[in-house]
Amino acid sequence: MPRPLLRRTPAALAAGVACLAAGACSMPAPAASSSAPRTTSDLGAVRVTPGAGGAPTVEVPTPFSVPASTRRVLARGTGAVVKAGQRVTVDYLGINGTDGHQILSSYGGRSPSFVLDPKQAMPGIVSSLVGVPVGSRVLAALAPRDAYGVQGQPAAGIGPTDTIVVLLDVKAAGTVLTRATGTPVAPRAGLPTVTVDGKGTPSITLPKGNPPGELVVQPLIVGRGAKVASAQQLRVQYVGVVWPGGREFDSSWRREQATTITVGRGQVVGGLDRGLIGQTVGSRVLLVVPPDDGYGAAGNASFGVRGTDTLVFVVDILDAS
């Protein structure tokens, strides 16, 4: 389940009773109750039935709680088996196991997609989907530590000990690229040159002379995937150097960890924000970013970038959602 829809929050609810007196204070002990509801952890007791407009109805006996996340495959699909690290497209419906109220649903709207990585999605969702074929319907119970964490999400009525019951219909799954793949393109003369070492890590060599005064976007490999649109989240590998000098100031390749950025929302430097839109997934793109489209007159002290520095990036677009 994508974290933008199921983001953990630090807020918590607390309640207390104060007894103020000029001496000892005592309160009567509550009477034992024999009518307290019995907690269940059996996913077989959860009823899933068709609903209006194709949206299913999920009835959870409450309170429902599990000490560890578990799943039950209600219908096994006939597609390829889903693997960790893939991008999946699903429909889902979530129920709070404590009181049975629905907290979210994608049915009737656009089916979300996300990468099966516990750093990008709920760990309980990842473990519930890995190993099932595309086309499956899965019922999962997520322990708090695998869902919203021990802090819960009070704004959605989710407490720190609430188990979340989720129905998942797996619609598609695909492999996320690890490097640019497509058709090589010869860059025009006068631009920085890019070489790749044996591990696939690119390096940038600057030409002699002054950098261009305008943004340059030069595809080096044209990928075969969909075109990037504004407001999409991109999974990328990148390296950036400073012109003049050619000093490398940042590189996801050096960290051996791809990163996720959002384009078209002003969350990255302007040259990347505009330059990656319209490129295709699988592409490798060289961008020469003048100061006004980079960090501006203030520069970026943490990266050692001055306000007059031009930035040169090589970006591999691995995925878009």
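The values are calculated or read from the model by the stated rules, or taken from the named source; none is laboratory data. Model, not experiment: these values are computed from the prediction. Virtual Cβ from ideal backbone geometry, glycine too; neighbours counted across all protein chains shown. For accessibility, only protein heavy atoms count, side chains too; no ligands or nucleic acids. Shrake-Rupley method; radii C 1.70, N 1.55, O 1.52, S 1.80 Å.
Remarks
- Selected residue (criterion: surrounded by the most Cβ atoms within 10 Å (Cβ to Cβ)) from residues of the stretch 244-263 that are part of a loop (DSSP other than H, G, I, E, B) and at pLDDT below 95: Ala258
- Among the residues making up the stretch 46-82, those that are under 25 Å from Ala173 (Cβ atoms), at pLDDT 95 or above and either more than 28 Å from the chain's Cα centre (by Cα) or in a strand (DSSP E or B) (or both) are Val46, Val48, Val58, Thr70, Arg71, Arg72, Val73, Leu74, Ala75, Val81.
- Among (1) free of Cβ contacts under 8 Å to residues at least 60 places away in the same chain; (2) touching a helix residue (DSSP H, G or I) at 6+ places or on another chain (Cβ under 9 Å); (3) basic (Lys, Arg) - the single one Arg72 does not satisfy: (1)
- For the residues Pro207, Pro154, Pro160, the requirement of being in contact with a Gly (Cβ under 8 Å, 6 or more places away or on another chain), more than 28 Å from Ala258 (Cα to Cα) and either charged (D, E, K, R) or surrounded by fewer than 16 Cβ atoms within 10 Å (Cβ to Cβ) (or both) singles out Pro160.
- Taking the stretch 188-216 as the range and being of a type in the set (A, V, I, L, M, F, W, C) and out of contact with any helix residue (DSSP H, G or I) (no Cβ under 6 Å at 6 or more places or on another chain) as the test, the residues that pass are Ala189, Leu191, Val194, Val196, Ile204, Leu206, Val216.
- Looking only at the stretch 69-94, and only at residues there that are among the small types (Gly, Ala, Ser) and open to solvent by 50 Å² or more (accessible area, probe 1.4 Å), the one that is farthest from Gly54 (Cα to Cα): Ala84
- In the stretch 95-130, of all residues being assigned to a strand (DSSP E or B) and more than 15 Å from the chain's Cα centre (by Cα), the one that is surrounded by the most Cβ atoms within 10 Å (Cβ to Cβ) corresponds to Ile95.
- Any hit, the stretch 296-317, residues being in contact with a strand residue (DSSP E or B) (Cβ under 6 Å, 6 or more places away or on another chain), modelled with pLDDT of 95 or more and of a type in the set (D, E, K, R): yes
- When residues of the stretch 150-191 are limited to those that are among the hydroxyl-bearing types (Ser, Thr, Tyr) and under 30 Å from Arg137 (Cβ atoms), the one nearest to the chain's Cα centre (by Cα): Thr175
- Set Val269, Val241, Val216, Val236: member being buried (at least 18 other Cβ atoms within 10 Å of the Cβ), under 24 Å from Asp117 (Cα atoms) and of a type outside the set (Lys, Arg): Val236
- Checked against (1) touching a Gly at 6+ places or on another chain (Cβ under 8 Å); (2) under 25 Å from Ala320 (Cα atoms); (3) open to solvent by less than 20 Å² (accessible area, probe 1.4 Å), Gly200 passes all but a single condition, namely (1).
- Sole residue being surrounded by fewer than 23 Cβ atoms within 10 Å (Cβ to Cβ) and out of contact with any Phe, Trp or Tyr (no Cβ under 9 Å at 6 or more places or on another chain), chosen from Gly299, Gly304: Gly299
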